[in-house]
Every structure is written in C-alpha cells, then in structure tokens.
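Everything on this sheet refers to the single structure shown next.
The values are calculated or read from the model by the stated rules, or taken from the named source; none is laboratory data. If you're wondering where the values come from, they're calculated on a predicted model, not measured in any experiment. Here the Cβ positions follow ideal geometry from the backbone for every residue, glycine too, while neighbour counts run over all protein chains shown. For accessibility, only protein heavy atoms count, side chains too; no ligands or nucleic acids. Shrake-Rupley method; radii C 1.70, N 1.55, O 1.52, S 1.80 Å.
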There are 2 protein chains.
Amino acid sequence: MLSTQDSSIIPNEWYNIVPDLPKQLPPPVDRDEKKSSIQLLNQILPKAILKQEFTFQKYTKIPEEVQEIYAQIGRPTPLFRAKGLEKALDYNGKILLKYEGATITGSHKINTAIPQAFYTREEGSTGVVTETGAGQWGTATTVAASLAGITSKIFMVKISFNQKPLRKQIIELYGGEIVPSPSRETKFGTEILSRNPDHPGTLGIAISEAVEYALEHDLKYMLGSVFNSVLTHQSVIGLETEKQLEILGEEPDVLIGCVGGGSNFGGFVFPLMRKFKETKIYASTASEVPKFSKGEYKYDFVDTAKILPSIKMYSLGSDYVPEKIYAGGLRYHGAAPSLSMLVNSGRINSSDMPEDKVIDALKLFARTQGIVAAPESGHAIATAIDYVKNNTDQKETILVNVSGHGLMDMSIFQR
Amino acid sequence: MLSTQDSSIIPNEWYNIVPDLPKQLPPPVDRDEKKSSIQLLNQILPKAILKQEFTFQKYTKIPEEVQEIYAQIGRPTPLFRAKGLEKALDYNGKILLKYEGATITGSHKINTAIPQAFYTREEGSTGVVTETGAGQWGTATTVAASLAGITSKIFMVKISFNQKPLRKQIIELYGGEIVPSPSRETKFGTEILSRNPDHPGTLGIAISEAVEYALEHDLKYMLGSVFNSVLTHQSVIGLETEKQLEILGEEPDVLIGCVGGGSNFGGFVFPLMRKFKETKIYASTASEVPKFSKGEYKYDFVDTAKILPSIKMYSLGSDYVPEKIYAGGLRYHGAAPSLSMLVNSGRINSSDMPEDKVIDALKLFARTQGIVAAPESGHAIATAIDYVKNNTDQKETILVNVSGHGLMDMSIFQR
C-alpha cells in the first residue's frame, strides 16, 4: 500500500481554479490613470509569475527543482485522523487533518515562496524583496531565497519588528536581511521618517518600500497571498490531500479552513472541489475581521498603500484597521477574488470565530492531539468543533486544514 | 517502492543492546547502606519499566497503542539527503540526516515519554511526576501523559522556570502542572526554602522533589535519559533508520550523534551497529562538558542529589557544575553505562565541540537546509562538518542524527 507520506504524492502540476469558476473572474483594474499599477506588476514580478497570474490554463507544470525543494521542506505534509479530538468531542464521525505546520518554516507560506524565488533566479535576478507584518511571510521568503541561492530583503512593520525580536533573529539566521519599516533605505520611508521619526509603520508603508526597493535595485517582489498565482502555488495542499484521501479510502463531507488573504484556504479547498462537488465548505474568519459577513463584494485596493491594483473581492475597505488579535494572518481586509466569487455565489459558507473560542479550541487541540496549532489555524479548528457540536448527523467526515504550528505565538495563551 | 515515511516503518519491537555488549554491563549499585536506591526504583517506576531496565532480552514488543501514538506524534521521522549542506561543503560523498525535530514536541524526548506514560496508566496509576531543567523533557512528559489520559506534574528548576516563561506556557497548554523547584509541595523543597527562600534550584533538588512527590501521592516517576530502559525506547530512532537506509539503498560509513545522557545517541547508533559493524562512530559532546575526553570511567551517582543508584559510566563527577552553554541537554555530567562501555572499549569515538563552532554550524545548516536545529544537535552537525573538512576520502556516506529543532532556543544566535 502506498503511504500518505510518499514523496510521489507531491504533485507535478499546480491547479488554477480560474477556468473552472462559475463566471469569468473580474480582472484587476487601475484606479489611477497616471500611474498604472498593472504596468508596475510587469516590472517587479518574474515573467513566469505574471503569466500564472493571468492565465486561463487549468494546470501548470511544477519545475522539477521546485518539486525537489518541496520534498526537502517537508512535503507531502501529513493527512491523518484526529482520534484524540474525536474522542474528546464524543464524535462518531471522523475528523481528518491536513497539517501544514509540518513544513520546516511551520506554515503553508513556504509553498509559494519556493516557486517565486526559483523563477526569480531562473530569470536572472539576484534577489527578492518583500514586506512582512507578523514575520511568517518574511521567514518563508528568506528560507526560499536561501535554498534557491539568491538574496532576500524583508521590510518588516516597525512595531512588529520591535515586539517580535525572534523574527529578526530567525530571518537573519536563515541568511536574509531584515529592515524595520519605515526605513531610510527608500525615498518613501525617508519621507515618512522626516515627518515622524517615531512612525510605528504599517503594512501599506512596508509594501511601498519593498516595491520601491525592488524597482530601484533590479530585484523581484514576492507576493504573499490574494493573487491568483499564489493560490495556484498553494494548490499543492489540496492536490496532495486528494491523493492522500484516495489512499486512505476517505471522502470528506465537510471542508474547513481559515481565511486571511485566502491563499491557504484556496490552495486547500479548490483542488478538492473538482471531485467532491457536494461537499459543504466553511471559510473560517476572525469575528474581529468579518470580511464575508460584514464586508462588501466590490472593487477595492489589494493594499492599504494603493500601489497594487484594485480587484473585485469581499472587503472591509482597504483602510480598515482591524482590532489587534493574535491571529495576525487573518487581519487582512479582503480575500482573493476567486474565493470571494465562490462565497458570493453561495458555494462556500463563512464562519466568524471570536478569539476566546479560538483559544479554547487551541487548548483542547493541544491536549488531545499533542499539537500547538497557530492562532490562525485555531479558527478552523474552532469552526470544526462548533460544527460537530451543532451537527445532529454524527457520521460525517470533516476535513480540516491546519495551516501552521503556533510555537512562535505562544503569548496568545498568556491571558 | 515503499516510502521512507511509511507508517509500516515504525518498528513493533524495541532493541536492547545489553546482551550484545562486549562485556557484561556492571549493574547499578547502592552507595548508602541504610537507604536502598535500587529499592526506591521499585516503588516509583512502573513494573514494565523496571523489567526493561534489568532485562537481558534483546527485543521487547512495543504495545500497539504506543505504536499508534508514535505515528500520531510524527513517526517515522524523516531520513533524507542533505544536498544543500553537501553542496556548501563541496563534498563529493553523501550526508544523510535522521531528523527527530519532526516530532510534534520537536525532539526525541517524546519517544520514551510515550511508553512510560502508557505503562503508568496500564498499571493503574493516575499520573506521572518528573523534573526538568531547560524544559524539553517536561514538555515531552506532559504531552505523553495527556495523550495517555493521565495527569503530569513537572518540577522545573526555578532559575530556568523564571528565565523561560514559554516553557511554563507550553506545559500548561498541554495540560500539565508545572511547579518551580524548590517548592513548598514537598518536605525536601520546604526545608530548602526555609533556609533560603531565594534558592535558584538545581536539577538535583528537582529530582528529589519529583521522587518524594511520586512516593507521597502514589504516582509514577518518569526517567528522561541514562537508564537502559530509556535507551531501549529510543531505539525506535535507529530501527527506523535501518529500514529507511534499506529503502534508499544506502550504507553509512560514518555515524554521528550528540551526547547528553546518551539516550538519543544510543537510540540512534545501537540498532545500526548490529548491521554496520565496521562503521566509524562519533559521539559529539560539548567542549564545555568533556565527559569522555576528560571524565573518568567509574561508578558514580546518576544524579547530583544522590537519590538514584550509582552506575559505572564516564563521569565528570556528580557534583560537576558545567559552564552555562546553550545546549542545556548536553550539560549532564555522565553518560549511559552501555555507551560509556563502548567508548571505553574504543568502538565509539568522542568529539568535543566548542560553542562558537556549533553556532557557525547551525547557521550554515539553516541557510543550506532550511532547518533551525537545536543547539544540542548543532554539536553533531559541527562534528560532521569537521569530519568532512578533515576527510581526504571524499566518497563516504555520513549519517547524522539531528535530535531536535531549535525554534525554542533562538537566543543562542543573539550574541
């Protein structure tokens, strides 16, 4: 019998949902007639990424070196039955987990960082630049760049940079360069600092600095989520899961994942939707960032700095300042256009989870499964627990994507 | 082809090297005629553990439930080729890694905690007690106890308890109870505190408190390393590696691991010695705790508190106070009797590694392999790097055991 951990389970093609969507996906648009943000993408992204961003092709070959690095960083990630949790909930159905925390950087972010760094090097650039809020994306970027043999520069929101010294250490350890943003390394940052030397920074400012720095130094910019190409790369999660379910002889009745920008969720759910057409699907969001239940489905800016294009998505507004919650990865104001369309069409349900329920879920999960899940993933686990508790049919198979471990975010339990 | 990650690779028997040793293993002895420490073991250990401690049987069946929990916590752990490191070192041979950091608690410690918790529950006790220094062993104990459905109480050396708030959080999150030692929960601790309320604690005091608490409350005491039974449990590492090497078609010329008490090292190396009789073997220790190169092979106390029996081993003296190094797991004054005998006979070589070399090795490893290894494991990696650099024969296959990840010990890189 083939094992669910066999490296042959790593797919050799990524899946792009765009041609399979019920309607044509509204394209990104420019909102500023003078400065084209779509033209900007042409300058800062590798050509291969641009092509993947706008393609209507369903499948893209995963370069062999990328497949090899996927194996090196812990793919395929495990799919297993959560017997401890089932028992604690007295559930007669099955709970299956796909666990992205088993990758070496501890979350799914590395799945797209690897191909983006690979294409950057293949196209002759010497390095990548990106921004990071809590630090997860910056870490994934640096590891991917080091494994590809190119440089990485990370603009980290200054207030997070100061609060999370561990992130600086780990990024430097992995060979990356990390700069608190706003910085004096860009015109944009210098200007902000000249007005306010103590500016705490924002993700929008960090994006602006990263983009400017990439343009000025002929480097490539890395996209962390929301964009189609990123969701395509993340499809490794769902494609692996599909093969693993086949090996285990399981069919899910319910799929649950958490949503920040939607790349982890889309990467998990979209490939599975091809086969499991009747499966119930829940996108778990933070109650504090209720993009689907309280947001509007409209054209809005990807980033608060309004540098990147406008896209049609559920959004709380690109100026939305969410409450400070521990699940930093879920604080994004919008969600990927493809995912937004499927929520709007009713195919995908949303579920808002408050932080106290998430903490309880994480505790139960740790004690019954032995895993400290990430606060973001805790939302998906909390939604699954809620589903089981409210579910009269006690025989369904619930498949939950746990997007990462929470060993770097233990402070959530201090309260 | 069978995958190296298949759950069928988890062995169903543990291996005990004692009957295969070149000479009979000198038994533990009592040093205090009035209080028998061997008799004490009878009271505080589960019967199954006692039997495994003194058996001359080569193989012991692993209970099915323990095999299942091994699978749940991430076994088999991966065996893979370190291509990034090979390339960085310009090495024409092969470097293979067995990576225990892939278990959910991030190190090999869980391998013995699981069976000890299991036997405790099977024999009708409601919980386990143990001590912990840096916190790794306490964490493994609590996870194992929670998965077995019993309680756990951890006496943690007070100075570490105060320095490492994360450990307290993670142990409580996993459902354990953690107490800074010396505490007022035992007579021994109360007496020490009455003399010095600010006593920082020692591992010896913590052991004394754990043993007293187990005796008083009819709980079982968990052994973290050094003892035969623990090395037997850790043989899962080497037994898995043996099968994985067979699948990969590889034969190691050199085996390298790090040594604290010797359980990780023995668990990795001993099963492989059965088949690879000519393989060179290096036990990597901290230069700051040079037990093999500067220690004496003699009867000495297992613990500084002199509660547990005396055993024949390499020792720097049970009162030895090592320099403060980041690799807390390597600060133990001695090494398991079986390992000590094989070092004394010349079968196993020792290699002392200074901390600065270890830090360099950890950095190179992170950048080339994408893994932040534990400071302890960094010693084995540094020994491997040294071996490659000094090795004129550039075709050997070097197999290194990486005992854990270092995500909880990033402060080593702050200096």
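Some points to look at:
- Accessible-area value, B:GLU64, 1.4 Å probe, nucleic acids and ligands omitted, Å²: 130 Å²
- Burial of accessible area (probe 1.4 Å, heavy atoms of protein chains only) in region A:362-384, relative to its chain alone, reaches at least 30 Å² for A:ALA366, A:ARG367, A:GLN369, A:GLY370, A:VAL372.
- Shape category assigned to region A:58-106 from the gyration tensor of Cα positions, a/c cut at 1.5: prolate
- Between A:GLU122 and A:LYS34, residue separation times 0.36 nm minus the direct Cα-Cα distance comes to 28.5 nm.
- At most 16 other Cβ within 10 Å, DSSP loop - GluC sites (Glu not before Pro), region A:102-134: A:GLU123
- A Stokes-Einstein calculation at 25 °C with viscosity 0.890 mPa s, built on the Kirkwood radius of region B:177-291 over Cα pairs, returns a diffusion coefficient of 144 µm²/s.
- Straight-distance candidates among the lysines for linking to A:LYS298, with alpha-carbon spacing under 16 Å and chain neighbours fewer than 8 residues away dropped: A:LYS23, A:LYS306, A:LYS312.
- Summarised as an ellipsoid, chain B has semi-axes of 32, 23, 21 Å, derived from the eigenvalues of the Cα gyration tensor scaled by 5 and square-rooted, with the largest first.
- Shortest-first distances to equivalent copies, position A:GLU191, nm, label 7 Å out along Cβ: 7.4
- Amide H partners (placed H, <5 Å) of A:SER350, local residues excluded: A:ALA283
- Stokes-Einstein D (µm²/s) once Rh is taken as the Kirkwood radius of region A:171-241 over alpha-carbon pairs, at 10 °C in 1.306 mPa s: 112 µm²/s
- Expressed to the nearest 5 percent, the antiparallel share of DSSP beta bridges inside the protein assembly as shown is 35 percent.
- Taking the accessible area of the protein assembly as shown, probe 1.4 Å, and keeping the other protein chains in place, the carbon and sulfur fraction comes to 49%.
- The candidates A:SER318, B:SER411, arranged from most to least accessible area with a 1.4 Å probe in the full protein assembly, appear as B:SER411, A:SER318.
- Spatially proximal aspartates and glutamates relative to A:LYS61 (Cα-Cα < 14 Å; intrachain offsets below 8 disregarded): A:GLU13
- Cβ-vector label at 7 Å, A:GLN57, separations to other copies in nm: 6.0
- A probe of 1.4 angstrom, applied to the heavy atoms of all protein chains, finds B:VAL388 with accessible area near 10 square angstrom.
- Karplus-based coupling profile of region B:365-373, in residue order and whole Hz: 5, 4, 6, 9, 10, x, 10, 8, 7, with θ = phi - 60° in 6.51 cos²θ - 1.76 cosθ + 1.60 and x standing for Gly or Pro.
- Using the Stokes-Einstein relation with a Kirkwood hydrodynamic radius computed over Cα pairs, the translational diffusion coefficient of region B:117-263 at 20 °C and a viscosity of 1.002 mPa s comes to 129 µm²/s.
- For the protein assembly as shown, the equivalent ellipsoid built from the Cα gyration tensor has semi-axes of 46, 28, 26 Å, listed from largest to smallest.
- Overall form of region B:282-415 per C-alpha gyration tensor (a/c, 1.5; a/b vs b/c): oblate
- Taking amide H atoms as placed 1.01 Å from N in the peptide plane, the amide H of A:GLY406 lies under 5 Å from those of A:VAL372, A:ALA373, A:ALA374, each 5 or more residues away in sequence or on another chain.
- Equivalent-ellipsoid semi-axes of region A:370-415, from the Cα gyration tensor, Å, largest first: 25, 11, 7
- Karplus 3J(HN,Hα) series, Hz, for region B:213-227 with 6.51 cos²θ - 1.76 cosθ + 1.60 (x for Gly, Pro): 5, 4, 4, 5, 10, 6, 10, 9, 9, 9, 9, x, 6, 6, 6
- In the protein assembly as shown, helices alone account for a calculated mean residue ellipticity at 222 nm of -12500 deg cm²/dmol, with every DSSP H run of four or more residues adding -39,500 (n - 2.57).
- Most fluctuating residue given options A:ASN196, A:ASN111, A:ASN401, as computed from a GNM of chain A linking Cα atoms under 10 Å: A:ASN196
- Closest approach to the axis carrying A onto B, counted by Cβ on chain A and given in whole Å with its residue, is A:GLN5, 2.
- A:ARG367, A:ARG274, B:ARG184, reordered so the largest accessible area comes first (probe 1.4 Å): B:ARG184, A:ARG367, A:ARG274
- Of B:VAL321, B:VAL259, B:VAL143, the one that fluctuates the most in a GNM where chain B has Cα springs shorter than 10 Å: B:VAL321
- Only Cα pairs under 8 Å and 6+ residues apart enter the sum, and on that basis the relative contact order of region A:276-339 stands at 32 percent.
- For region A:1-160, taking the reciprocal of the average inverse distance between every pair of different Cα atoms yields a Kirkwood hydrodynamic radius of 18.4 Å.
- Chain-alone versus full-assembly comparison, region B:139-172, residues with accessible loss of at least 50 Å² (1.4 Å probe): B:GLN169
- Heavy atoms of B:GLU246: accessible area, 1.4 Å probe, square angstrom to 10: 130 Å²
- Accessible area buried at the B-A interface, both sides summed, 1.4 Å probe (Å², nearest 100): 2900 Å²
- Whole-number percent relative contact order across chain A, with pairs defined as alpha carbons under 8 Å at least 6 apart: 20 percent
- Entries in A:LYS158/B:LYS158; B:LYS109/B:LYS168; B:LYS94/B:LYS357 that, when Cα-Cα distance is taken, lie over 24 Å: A:LYS158/B:LYS158
- In Hz, Karplus ³J(HN,Hα) per residue of region A:63-73 (6.51, -1.76, 1.60; θ = phi - 60°; x = Gly, Pro): x, 4, 4, 5, 4, 5, 5, 3, 5, 5, 8
- Considering only A:GLY124, A:GLY224, A:GLY189, the mean-square fluctuation computed in a Gaussian network model of chain A, springs between alpha carbons under 10 angstrom, is largest for A:GLY124.
- The mean sequence distance of close C-alpha pairs (under 8 Å, at least 6 residues apart), as a share of the length of region B:1-109, puts its relative contact order at 30 percent.
- Cα-derived Rg to Rh of region A:1-71, Kirkwood definition: 1.12
- Remark: chain B carries 37 Å² of accessible area per residue (probe radius 1.4 Å; ligands, DNA and RNA excluded).
- Accessible-area rank, largest first, for B:GLU355, A:GLU33: A:GLU33, B:GLU355, with all protein chains present and a 1.4 angstrom probe.
- Interface residues, region A:397-415 - accessible area loss of 40 Å² or more versus chain alone, probe 1.4 Å: A:LEU407, A:MET410
- Percent of beta bridges antiparallel (DSSP, chain B, rounded to nearest 5): 35 percent
- Label distances, nm, B:THR126 versus same residue in remaining copies, Cβ-directed 7 Å point: 6.7
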